[in-house]
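Throughout, read-outs are computed from the coordinates displayed, never taken from laboratory work. Because the structure is predicted, anything quoted here is derived from the model rather than measured. Virtual Cβ from ideal backbone geometry, glycine too; neighbours counted across all protein chains shown.
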Amino acid sequence: MTNFDITGRNKIKRKPDRGHYDQETVYAIVDEALICHVGMVDDGQPVVIPTIHARIGDSIVLHGAKASRLLKYVGDGHQVCITVTHVDGLVLARSVFHHSMNYRSAVIFGSGYVIEDPDERIEAMRAITEHLVPGRWDDARQPTSKEDNATALVKINIEAASAKIRIGPPGDDDEDYGLPVWAGVIPVKQAFLSPEPDSALADGIEVPEYIEDYSR
Ligand SMILES: Cc1cc2nc3c(=O)[nH]c(=O)nc-3n(C[C@H](O)[C@H](O)[C@H](O)COP(=O)(O)OP(=O)(O)OC[C@H]3O[C@@H](n4cnc5c(N)ncnc54)[C@H](O)[C@@H]3O)c2cc1C
């Protein structure tokens, strides 16, 4: 198991027992998420932008329009902070104070570069497509050179990371356990419903298995 070094940058201070620094835990959280949020400080103004991501080894790739501020910022080599969050439950305690959530979250630090190499660009586009729907890259039409030219791609090296995970029931104060107040967890789950065919779908195209069986 490979661990990220614990430094002032990624050390969890509050509830450190919920912290994890191994790649396996961090990457599982990253890979399950459909999107991430990328934090940057542009001209002194902090801003956090949601976007699609994919992980390739120890890097995160992002794509978008060439005019995207985020992609230009990453391409200029600035440090960014990427967060990913899954909410697994609403934790209802007997006291208002101890209400919480069950969650898995990851915080990643690193800097990146613009992907120029054609093979690396294809690898990144493929990773992003496959991250969303495994099996899609080989099924859908490949990008034309015009589409490729219109797409900015960046790769961020994961330099430091942490994960934080809360599981389990509420933790009330000892004297509150006898209170006549319901306590427990409302589990939260992401659901993918039946695929809805495009009204312009050509005749005779069945829903592929990789879409029919889609889950995360
Ligand atoms: C869904 C959800 C809801 C939350 N609600 C609350 C809330 O209402 N109030 C509250 O105080 N806290 C909440 N948290 C926890 C919050 O994310 C921080 O962990 C908390 O603010 C304590 O941070 P800190 O002071 O220990 O560390 P900070 O000094 O803020 O951060 C130091 C380093 O610790 C790591 N770190 C901190 N938090 C996380 C995290 N969540 N995941 C991965 N790495 C992390 C990062 O690498 C960070 O750079 C919530 C977390 C999640 C995922």
Using a Gaussian network model on the chain with a 10 Å cutoff between Cα atoms, which of VAL181, VAL107, VAL61 fluctuates the most? VAL181
Inter-label distance, nm, simple model (7 Å from Cα along the C-beta direction), SER111/LYS15: 3.3 nm
Only loop residues by DSSP count here, and only those with at most 11 other Cβ atoms within 10 Å; note down the chymotrypsin sites (Phe, Trp or Tyr not before Pro) in the range 129-216 that meet that. TYR177, TRP182, PHE192
Can you put SER100, SER162 in order of Cβ neighbours within 10 angstrom, beginning with the fewest? SER100, SER162
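Ignoring GluC sites (Glu not before Pro) that are buried or in helix or strand per DSSP, and keeping those with at most 13 other beta carbon atoms within 10 Å, what is the longest stretch of the chain between them?
Details: sites that count: GLU116, GLU206.
Longest gap between qualifying sites, sites excluded: 1-115.
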Could you pull the Rg and Dmax for the chain, using just the Cα atoms, both in Å? 20.7, 68
Fully extended, how many nm does the chain gain between ASP76 and ILE211 (0.36 nm per residue separation, minus their Cα-Cα distance)? 44.9 nm
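Work out, in µm²/s and without decimals, the Stokes-Einstein translational diffusion coefficient of the range 21-60 at 4 °C, 1.567 mPa s, Rh from Kirkwood over C-alpha pairs. It would help to have the intermediate numbers written out before the result.
Details: Rh = 11.5 Å.
D, rounded to a whole number, is 113 µm²/s.
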Would you calculate the separation in nanometres between label points at VAL41 and PHE97, each defined as 7 Å from the Cα along the Cα-to-beta-carbon direction? 3.4 nm
Just to check I understand the Karplus step: with θ = phi - 60° and J = 6.51 cos²θ - 1.76 cosθ + 1.60, what whole-Hz values come out for the range 28-34, glycine and proline as x? 4, 5, 5, 6, 6, 6, 6
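Quick one: net charge around TYR27, please, counting Lys, Arg +1 and Asp, Glu -1 for every other residue with C-beta under 11 Å from its C-beta. If you can, show how the numbers build up before the last one.
Numbers: positive: ARG55; negative: ASP22, GLU24, ASP31, GLU32, ASP58.
Net local charge, TYR27 excluded: -4.
In what sequence do SER111, SER59 fall when counting other Cβ within 10 Å, fewest first?
Details: SER111 14, SER59 17.
In order of increasing Cβ crowding within 10 Å: SER111, SER59.
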